[in-house]
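Where a number appears in this text, it was derived from the coordinates with a stated rule and is not lab data. Remember, it's a predicted structure, so these values are computed and weren't measured experimentally. So basically every Cβ, Gly included, is an ideal-geometry build from the backbone, and we count neighbours across all protein chains shown.
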Amino acid sequence: MSTKISSTIPISPGDLDKYRDRANQFLIKSSWKHTKQDVPKDDGSGKWRPSTAYGSMGLEHTSVTKFAKMVSEDALLLTDQVNSVMHSLRDGLCIGMHLAQAYGQAGGLERLVAQNRAGQLSSAQKAEFFEKHHTSAAIALYSFGAFVHWLLGRKEEEETASRQITSPSIPEIDLSNPLKSLECAVFHFGYLASKSGLRDGHDLYRFAQLWVEQLINGVRERRDSLKHTEFFDKNRYRLEDSEFMLSGFDELPDVSVARIEFNRLEFKDIVGNRAAKHAARRLAQRLVCYDLAAKKNPFLEIGGLPLVRMGYGKPGTGKSMQIAATATKMSDYCEWLGLPFMFWPLPDNIVSTFQGGSAERMIEFMRRLQDDDKIVYAPMDDAENCFEDRSREGVSAGVREVIGVFLRYTEGAYAIKRGNTVVEFFTNLPEQLDKAVLSRVQARFPIDGADSREDFLDQDHLWWRGIREIDGKVVNLKDPRDYEYLSSQADVSDLSVVEKEEPQLEDDRLRGSVEELLNLKERDEHDFFALFFQRVLDLYPTFSSRDVRNIQQAVNNRLNDFDMPDEWFEDAEIFFYRDYETKVEMLKDLMRGNMKGLSFADLRWREAVKYCNNLSRILNQDRERKISNMLFELDCRSEAEKRFLRD
């Protein structure tokens, strides 16, 4: 947000009409000769043009329209999937030609072309003429690919996504001039599609998605060799009456924001769960501090942004409502700041019955979390279904694939952390989650629902107030004299308001071990915590250095548990539109002010106890559930025997 794009240039449907006939011709018939490397060539007239020196191969032809009819198995009508592919290709070609011409006008290429025709180019202009032709061709290809990528991504169906198609390798990308480059691309699309054994429209659709990704990557690989790109990069281009928007070479248009919707919900409509609601508000505010220009978040630098979180609790306590309210808050902030927002929940069908299919789907899901041009909220409801403990009997190969991909993308070479994405697990059964997945969770919060008299009053109030609005005489119960409805659901300033008492260790064995430790060390010594973690490890062998880092992250979160001034959210220029370094310093000032009066040792102990309580609760819960079931069965058996003897 620090650096703003100069302007947004609209693309009207009328702008594209003049290119439609040429685009149709390319799809009906495209021709190509595989060339040697193009070099500037003087034909003796003083005019310079790209070389057309061809290799030994003859001219080849292909027809995308004929192949489309063949795949549709209909001489007249195309299937819906094939029609979508053809529509995207034709309109993409029009957009590519239009933006190449717009670049030619803005970048001075048209003037150079006119001078070249008149034989008036100087030596310096000849080099510029050739360089701008290359850039214009790259713009045509990239814009064409970006539109096809966007349109096909928005219309993708589940049947298409599950198709196993080998990713095509494009043998040649031409950058001599826009029309020649586009014809080369269409030729290779038709040629490769006809050789790939595609069976139907779903296969062609998936092939087109994979092919266009290769095309886009091919242009990006040549990005550093292009000159005079500022005439394209400095503007944003938007297709009218659509959500297609292109910002230079570096930012592909989003294909999923409008496709995945959520029910809007305000936090005030959720009863209880104060800590969870507070943490979600903090998360939303901190996530939108992401700097689009710097591609990083100042809160990640000062340590106050956990990127993998988990909410857990028994069924019916508001986990789905928490997801909706968090997405609503983030979406509202992003809309106000002009930030792209993507709601990206884990699909219910991520686990495939095909070998390797689950890994492929999960890779595609996780790749969206690497986008650096938007805020991404990725909730995973009922997470135990897809991330079940791999040590449990009967865990499917698909679940193992999903977990393997998740672990690689959250820690390791793939784990790029910029501070613009967050993953949130929600589960009723945290003890069934895979232990390695649990270790990735940096912040944990209970979702217990209503748990006080005030909460139950508010839950009733949210229900019967709708009846009262219809007929004020129906609900004739008296209101409480000492309580104002929904006042207990108001925002809290920090977690200390919720956590009034110091937490106590729930595990008797660990509590006894700590009492022994306190006879040797004071709690304000670093050595105390090192010995404490060692004792936790002795009791729970799965405890590791990553758990210690998670406790450290929890302490960082508490140190950053401060309110950002209201005026920052009233005037974005005060903070959000500042440069990155200035934002870091402003946040550090707030952090320093928040730390005054805090005992670091007490804070660290609180978070260590809470984490260990969560750890022991999760690890022991499965055992406790089995014991409870056995006790219930024994009780039923005993009662049955009594009734039998009595009768």
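Would you tally the net charge around Ala23, using a Cβ to Cβ cut-off of less than 11 Å, leaving Ala23 out, and scoring K and R as +1, D and E as -1?
On the way: positive: Lys18, Arg20, Arg22, Arg90; negative: Asp17, Asp21, Asp91, Glu183.
Result for the neighbourhood of Ala23: 0.
Can you return the lysines within cross-link range of Lys642? Criterion is Cα-Cα under 25 Å, with same-chain partners fewer than 8 residues away left out.
Lys626
Determine the relative contact order of the range 512-647: mean sequence separation of Cα pairs under 8 Å and six or more apart, normalised by residue count, in whole percent. Provide the component values of the computation, followed by the final result.
Working: 44 pairs, mean separation 32.1, N = 136.
That works out to 24 percent.
Give me the distance in nm between label points sitting 7 Å out from Cα along the Cα-to-Cβ direction at Gln504 and Asp589, one decimal.
So the label points at Gln504 and Asp589 sit 4.4 nm apart.
Using label points projected 7 Å from each Cα along Cα→Cβ, tell me how many nm separate Asp647 and Lys417, to one decimal.
6.2 nm
In deg cm²/dmol and to the nearest 500, what is the mean residue ellipticity at 222 nm of the chain if only DSSP H runs of at least 4 residues count, each as -39500 (n - 2.57), divided by the residue total? It would help to have the intermediate numbers written out before the result.
On the way: 23 runs with 333 residues, N = 647.
That calculation yields -16500 deg cm²/dmol at 222 nm.
Net charge around Gly512, counting only other residues with Cβ within less than 13 Å of its Cβ (Lys, Arg = +1; Asp, Glu = -1)? Present the calculation step by step, with values, prior to reporting the outcome.
Working: positive: Arg509, Arg511, Arg535; negative: Glu506, Asp507, Asp508, Glu515, Glu516, Asp538.
Around Gly512, the surrounding residues sum to -3.
May I ask you to order 274-284, 527-537, 555-565, 79-89 by the average number of other C-beta atoms within 10 Å around their residues, highest value first? Spell out each step's value before the answer.
Working: 274-284: 22.5, 527-537: 16.3, 555-565: 17.9, 79-89: 20.9.
Taking the mean over residues of other Cβ atoms within 10 Å, the ranking is 274-284, 79-89, 555-565, 527-537.
Arrange His228, His149 by Cβ neighbour counts within 10 Å, fewest through most, would you?
Ascending number of Cβ neighbours within 10 Å: His228, His149.
Got a sec? How would Met366, Met630 order by Cβ neighbour count within 10 Å, fewest to most?
Values: Met366 21, Met630 10.
If I rank by nearby Cβ atoms, fewest first, I get Met630, Met366.
I need to check one value: relative contact order of the chain, counting alpha carbon pairs closer than 8 Å and at least 6 residues apart, in percent. Before the final figure, lay out the partial values.
Details: 889 pairs, mean separation 85.9, N = 647.
For the chain, the relative contact order is 13 percent.
Which pairs in the list Lys319/Lys583; Lys314/Lys473; Lys277/Lys610 are over 26 Å apart, alpha-carbon to alpha-carbon? Intermediate values should be presented prior to the final figure.
On the way: Lys319/Lys583 33 Å; Lys314/Lys473 36 Å; Lys277/Lys610 18 Å.
Result: Lys319/Lys583; Lys314/Lys473 exceed 26 Å.
What number comes out for the charge environment of Phe144, summing +1 per Lys or Arg and -1 per Asp or Glu over other residues with Cβ under 12 Å away?
Numbers: positive: Arg90; negative: Asp91, Glu183.
Once all neighbours under 12 Å are counted, the net charge is -1.
Using only Cα atoms and rounding to the nearest 10 degrees, what angle (0 to 90) does helix 178-194 make with the longest principal axis of the chain?
Taking the Cα atoms of the chain, the angle to 178-194 is about 70 degrees.
Treat the count of other C-beta atoms within 10 Å as a stand-in for reagent exposure and order Tyr205, Tyr333 from fewest to most. Walk me through the numbers on the way to the answer.
Values: Tyr205 27, Tyr333 19.
Least crowded to most crowded, the residues run Tyr333, Tyr205.
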